[in-house]
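What follows is a short report on a single structure.
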Amino acid sequence: TTYTVTVEPLGKEVSCREDQTILDACLRAGVWLPHACTHGTCGTCKAEVLDGDVDHGEASAFALMEFERSEGKALLCCARPRSDVIVEGDVDVEEGITTHPVRDFVGTVTGIEDCARDTRRLTVDLDDDIAFHPGQYLQVFVPGKGVTRTYSMANPPAEPRRIELHVRRVPGGLATDGWVFKDLAVGDELRVSGPYGRFFFRQMREEPAILIAGGTGLAPIKSMIQHILASEDEQQLTLYQGARCLDMLYDVDFFRGLEQEYPDRFRYRPCLSEEQVSGFEAGLVTEVLDRDMASCRGHVAYVCGPPPMVDAAIKTLMRKRLFPRDIYREDFFDES
Ligand code: FES
């Protein structure tokens, strides 16, 4: 069965299958709605159901509380229609941002590389070009398990056919230990959909950018950096990449190469918090940033990594005179 979902205040109508989430139907139809995790945990996609019935699916009890459900709120990344529905979302799309509709792709794995401790880089050739903003992510279908996992594209949009994903192993994880780190092989088929997410490079922010990455949170940041450096704009970038030990840091040579290629535009600060190695900064990314800059005023920042790192980075940036509107963040959970 297919129902009609009307999205207010846009007045746009989208058809949605009963087994499809409202967010998915809207993103595929090119109607952009705010979202981050797409898995019912962050609350970003919360909206009001003005009319009709929905099934709340796997919406977490923390992201959507009982009283909110009874008030007619829903998480659109989990809600599936049970009748024609009218929803009112926070559709305040930032000006100057085009949206790329979500589509399905079939890919072929062309490369698997162990790039750091418990970290794999997958290269996947898609059956068609994918249009996306640097920083956005894909949903990857885990074969035979009926679930998806989200991974950011590390390739820039100028390479729309060959995508690069960074996967961190989670011990016992269904998709990591049970698949990517077990029997995934070059030549295997990979089904993905995308692009998703609102953590992406903002073209109109031309201030010098501070990019802070922890773990595989490097992936979206790597896409942004390649995109920005390849453009004509003279925007200056500083990358703070953090890890505990050297064997957990990856793509160091890649970024050192960029630093040589763009000496006036790109600065690379690899940081190790539990090991002292010459050529690397000692300390957490926040400590190194703290030593480097007396004030961050006049900058824009992109932060992606484990939630404690993201929170600490935002605190440091705000202490150094950035405002929330100058900071774009993504909490990056290594998915099991
Ligand atoms: Fe995170 Fe829906 S709860 S996008």
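Hand me the GluC sites (Glu not before Pro) from the range 39-121 located in a DSSP loop with no more than 14 other Cβ atoms within 10 Å, in residue order please.
Glu58, Glu71, Glu94, Glu95
Which helices count as membrane-span-like in the chain under these terms: full DSSP H, at least 15 Å along the axis by C-alpha, Kyte-Doolittle mean of -0.5 or more?
Going by DSSP H runs, the hits are 218-230, 307-319.
Once both labels are modelled 7 Å past Cα along the beta-carbon direction, what's the Asp104-Ala294 spacing in nm?
5.8 nm
Charges on Cβ only, +1 for Lys and Arg, -1 for Asp and Glu, centred on the Cα centroid of the chain; of Ala36, Gly257, Phe67, which one is farthest towards the dipole's positive end?
Value computed over the given set: Gly257.
Which three extents, in angstrom, do the Cα atoms of the chain have along their principal axes, listed largest first?
Sorted largest first, the three principal extents are 63, 47, 38 Å.
Run the helix sum for the chain: -39,500 (n - 2.57) per DSSP H stretch of 4+ residues, divided by residue count, reported at 222 nm to the nearest 500 deg cm²/dmol. Don't skip to the answer; put the middle values down first.
Working: 6 runs with 56 residues, N = 336.
Value at 222 nm, helices only, nearest 500: -5000 deg cm²/dmol.
Could you please state, rounded to a whole Å, how far the C-alpha centre of the range 170-190 is from the C-alpha centre of the range 258-336?
Each part reduced to its Cα centre gives a spacing of 31 Å.
Would you please give the FRET efficiency between Glu234 and Lys12, computed as 1/(1 + (r/R0)^6) with r the Cβ-Cβ distance and R0 = 41 Å, to the nearest 0.05?
On the way: r = 39 Å, r/R0 = 0.94.
It comes out at approximately 0.60.
Would you mind telling me the antiparallel percentage of the DSSP bridges in the chain, rounded to 5?
Values: 44 of 73 bridges.
Roughly 60 percent of the DSSP beta bridges within the chain come out antiparallel.
Dipole of the range 209-331, Cα-centred, from +1 at each Lys and Arg C-beta and -1 at each Asp and Glu C-beta, to the nearest 20 debye?
Once rounded to the nearest 20, the dipole reads 520 debye.
Any idea which of Ser273, Gly298, Tyr328 is furthest toward the positive side of the dipole for the chain, if Lys and Arg beta-carbons carry +1 and Asp and Glu beta-carbons -1?
Farthest towards the positive end: Ser273.
Would the range 241-305 count as rounded, prolate or oblate if I go by the C-alpha gyration tensor, calling it rounded below 1.5 in a/c and otherwise prolate when a/b exceeds b/c, oblate otherwise? Before the final figure, lay out each step's value.
Working: a/c = 1.77, a/b = 1.14, b/c = 1.56.
Oblate, since a/c reaches 1.5 and b/c is not below a/b.
Quick note: the coordinates plus some simple rules give every number you see, no bench work behind them. Please read all numbers here as calculations on a predicted model, not as lab measurements. In this analysis, Cβ positions are derived from the backbone assuming ideal geometry, glycine residues included, and neighbour counts consider all displayed protein chains.
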